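As structure tokens, the structure follows; a few thoughts come after it.
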Amino acid sequence: MDDFRNDIQRWLKDEEFRKEYESLETEYSIIQAIIDARKNEGLTQKRLSMLTGVTQADISKLERGIGNPSLKTLQRIADGLGMKLKLILEPKSLTPTKP
């Protein structure tokens, strides 16, 4: 795993790679939060599917980053995990923008 982290750090020096990597940050944060919550609850994808009505295949796709879930689907997953879905819009940078 250290080799992979070293590779990522090296690749991030490339401007094009860094921009693409950063553009995926939100998506991967959501995916990781779902995976972590599911595992913390001791749930399999199949059990989460039963609790939410979202197919196990769709949960698998979402966790692998190849799904495109709606907000409604994310809400159903959050409910099944006993969690609250919260969507926040915040500035990309702390630098004030000019009007």
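Fully extending the segment from residue 46 to residue 68, taken as 0.36 nm per residue of separation minus the present Cα-Cα distance, adds 6.0 nm. Note on the chain: Kirkwood radius taken over Cα pairs, Stokes-Einstein applied at 37 °C and 0.692 mPa s, translational D equal to 210 µm² s⁻¹.
Using the rule -39500 (n - 2.57) for each DSSP H run of four or more residues, divided by the residues of the chain, the 222 nm mean residue ellipticity is -18500 deg cm²/dmol. Note the full-extension length gain between residue 92 and residue 23 as 0.36 nm times their separation in residues minus their Cα-Cα distance, in nm to one decimal. That pair, residue 92 and residue 23, stretches by 23.7 nm at full extension.
A short reminder: the numbers here are calculations on the coordinates, not readings from a lab. Given the structure is predicted, the values throughout are model-derived calculations rather than measurements.
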